[in-house]
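The values are calculated or read from the model by the stated rules, or taken from the named source; none is laboratory data. Just so it is clear, the structure is predicted and the values come from calculations on it, not from any experiment. Every residue, glycine as well, gets a Cβ built from its backbone with ideal geometry; the counts of neighbours run over all protein chains shown. In case anyone asks, the SASA skips ligands and DNA or RNA and just uses the protein heavy atoms, side chains included. Shrake-Rupley method; radii C 1.70, N 1.55, O 1.52, S 1.80 Å.
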Amino acid sequence: MVTEPGLGIAHSPLPTVPVSPTPAGYRFAKRALDVIGSTIGLVLTSPVLALVALAVKLESPGPVLFRQQRLGLGGRPFTLYKFRSMHLSAEQSRHRDHVWDLIRGDGPQTPSSAAWLPIPLDPRVTRLGAFLRRSHLDELPQLINIARGDMSLVGPRPPIPYEVEVYEPWHLRRLSVIPGLTGLWQATGWGRLSFDEGVALDLAYIDRRSFWFDFGLILRTLWQIAVGRQF
């Protein structure tokens, strides 16, 4: 067992996942889009980043950024950045138990309870944090992850190691490509689908990957944010 630094949560060693073959031309175009998109995004949102950072610092004690280990391409760990949306004393084991129930399908299942959603009325989340999550502003620092090459603009969302502990073998294939800020699951069914249904969309994305498919998902995500639709 390995204990994740700062969280006090022990997890088992995780398997290495084979990387899906990616044509060189698409790989180059995707990386170019990521570098250009994340750079422009950081420049254009810099005033927002500064205001959110100040608001987080003023609202509650603790760091502005929340750093968390996630699993990227091939199951390799990296540090993901978000604006902190929870109190510093927040207990991570509650979230672990929540996602384990959703992945395993434990407990009474209805369409609403089975959907991959955050913990409702989570007392760990600050008032500002609730707004940042609804608006997705808490995700903006992940543009740094994209610029560094840990993530892409488009791809399956990177899981926390304790999520992968209860994956079924077929779930692991979502780790065979670089993770993204948004993806087919987020752009078409986020908050409405079960974990298995969402993973099925991630795998469909892996099979359909192309530059223009990625570009279309970026545009769809931007539109949803602009009209205030939670996805």
All positions within the stretch 38-74 that are part of a helix (DSSP H, G or I), surrounded by 14 or more Cβ atoms within 10 Å (Cβ to Cβ) and either modelled with pLDDT of 95 or more or among the hydrophobic types (A, V, I, L, M, F, W, C) (or both):
Ser38, Gly41, Leu42, Leu49, Val52, Ala53, Ala55, Val56, Leu73, Gly74
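Limited to the stretch 53-75, what total is found for residues that are of a type in the set (D, E, K, R) and without any contact (Cβ under 8 Å) to a residue 12 or more places away in the chain?
The qualifying residues number 1.
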Matching residues, the stretch 205-217, being closer than 16 Å to Thr22 by Cβ and part of a helix (DSSP H, G or I)
Tyr205, Ile206, Asp207, Arg208, Phe211, Trp212, Phe213, Asp214
Exactly one of Gly180, Gly155 is touching a Ser or Thr at 6+ places or on another chain (Cβ under 9 Å), crowded, with 23+ Cβ neighbours inside 10 Å and without any contact (Cβ under 8 Å) to a residue 40 or more places away in the chain, and that residue is Gly180
Restricting to the stretch 183-212, give me the number of residues that are hydrophobic (A, V, I, L, M, F, W, C), within 23 Å of Arg31 (Cα to Cα) and in contact (Cβ under 8 Å) with a residue 40 or more places away in the chain.
3
Of the candidates Arg192, Arg220, the one satisfying the condition of being out of contact with any Cys (no Cβ under 6 Å at 6 or more places or on another chain), assigned to a loop (DSSP other than H, G, I, E, B), open to solvent by 10 Å² or more (accessible area, probe 1.4 Å) and at pLDDT below 95 is Arg192
Positions within the stretch 81-123 being farther than 22 Å from Trp185 by Cβ, at pLDDT 90 or above and part of a loop (DSSP other than H, G, I, E, B), in sequence order
Arg84, His87
Exactly one of (1) more than 30 Å from Phe215 (Cα to Cα); (2) in contact with a strand residue (DSSP E or B) (Cβ under 8 Å, 6 or more places away or on another chain); (3) at pLDDT 95 or above is unmet by Phe78. Its number?
(1)
